[in-house]
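For reference, the structure is listed below as structure tokens.
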Amino acid sequence: MKKFSNIIFRLFIITFLIGLTACTKDDDGDDSNLTTRELLIGTWSVTDFDLIVRVGSQSLIEYLIGVEGLSPSEAADLNEAFEAFLASEVTGTLTFRSDNTYVSNFGEGSTSGTWSLSSDEKTLTLKEGTDIIVIIIDSISATTWRASISESGPEDLDDDPQTPDVLISIEFVLTLTK
């Protein structure tokens, strides 16, 4: 069971290294003349998310079965527990103010900082102290925002300095609503 909790903890840590990705504006009715900046102002709640985790070239479940030696049902249970844990961490709100400040309330924490858009309004950058998160919006309207989050990096999953690190790739697709 310790192996399971170590894997969940490591995957949780990796998810906090995520940058959000891809940005166009939806032309839905009355908001078609609004800029992305104007559409962002307000409070957004995460209403849905999809998660894809890859360990090297394998899905998380394939990795847990093939490398960690879990049974298919144990791997599925661990994957489900990880997704449930993440669901509690991505449940919350993100508020953008017109003065280019933001407040996020996710999980049990609240953070605040500044935000800016690139000149083409496709890249949103959040800055909290020295931490920077880059968000690229898949689509946005007055009431719905869809964003993809992806990050990858090497990780030592087995705590063995003799074995090579494994490339972990995580992709979220978030749906937020006002």
Hey, any idea what % of segment 73-112's accessible area is carbon plus sulfur with a 1.4 Å probe? 48 percent
From the gyration tensor of the Cα coordinates in segment 85-156, what semi-axes in whole Å does the equivalent ellipsoid have, largest first, with each one equal to sqrt(5λ)? 20, 16, 15
Between residue 83 and residue 163, what length in nm is gained on full extension when 0.36 nm per residue of separation is reduced by their alpha carbon distance? 26.1 nm
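Between residue 33 and residue 156, what FRET efficiency comes out of the Förster formula 1/(1 + (r/R0)^6) with R0 = 35 Å and r the beta carbon distance, rounded to 0.05? Display every interim value, and only then the final one.
On the way: r = 51 Å, r/R0 = 1.45.
So, using R0 = 35 Å, E works out to roughly 0.10.
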Which residue, 67, 142, 111, has the largest displacement toward the positive end of the dipole of segment 56-149 when charges sit on each Cβ (Lys, Arg +1; Asp, Glu -1)? 142
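What does the charge count near residue 151 come to, summing +1 for each Lys or Arg and -1 for each Asp or Glu among other residues with Cβ under 13 Å from its Cβ?
Details: positive: 54; negative: 155, 171.
That works out to -1.
The values are calculated or read from the model by the stated rules, or taken from the named source; none is laboratory data. None of the values given here were measured: they were computed from a predicted structure. Please note: Cβ atoms are built from the backbone with ideal geometry, for glycine as well, and neighbour counts cover all protein chains shown. These accessible areas exclude ligands, DNA and RNA; they are computed on the full protein's heavy atoms, side chains included. Shrake-Rupley method; radii C 1.70, N 1.55, O 1.52, S 1.80 Å.
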